[in-house]
Amino acid sequence: MAAQREISEKIGASRIGSVLDCIVDGPTEARGFDYDGRTRLTHRKWMESFYTGPSAVSGPIVPVRIVRADDYDLFGEIAG
């Protein structure tokens, strides 16, 4: 698990600054973020993307700029 965590952290860090399409799952309880969603990189529920943006999201898929990553999650903001 430790080796996998290191690999996942490197992959996540390499995504910082990129814009990824994110499927909106809905509002999140994650502190400091409005929505919970998934990208093609975070397709499994255990690896999520949390992001901030306007309260009205225009569609089920939105562009999200990744601003931070940890071992299994990506964090971003609505791009545009």
- Pair list, Cβ under 6 Å, 6 or more apart: segment 11-38 residue part of a loop (DSSP other than H, G, I, E, B), other residue among the acidic types (Asp, Glu): Thr28/Asp36
- Taking Phe50, is it in a loop (DSSP other than H, G, I, E, B) and modelled with pLDDT under 85? no
- Item | Qualifying positions in segment 1-25 - within 11 Å of the chain's Cα centre (by Cα) and either within 11 Å of Asp70 (Cα to Cα) or basic (Lys, Arg) (or both) | Gly12, Arg15, Ile16
- Query: Restricting attention to segment 67-75, does a residue exist that is of a type in the set (Gly, Ala, Ser) and either assigned to a loop (DSSP other than H, G, I, E, B) or modelled with pLDDT under 80 (or both)?
  - Reply: no
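The values are calculated or read from the model by the stated rules, or taken from the named source; none is laboratory data. The model shown is predicted, which means the values in this text are computed figures rather than measured ones. Glycine also receives a Cβ, built like all others from the backbone with ideal geometry; neighbour counts cover every protein chain displayed.
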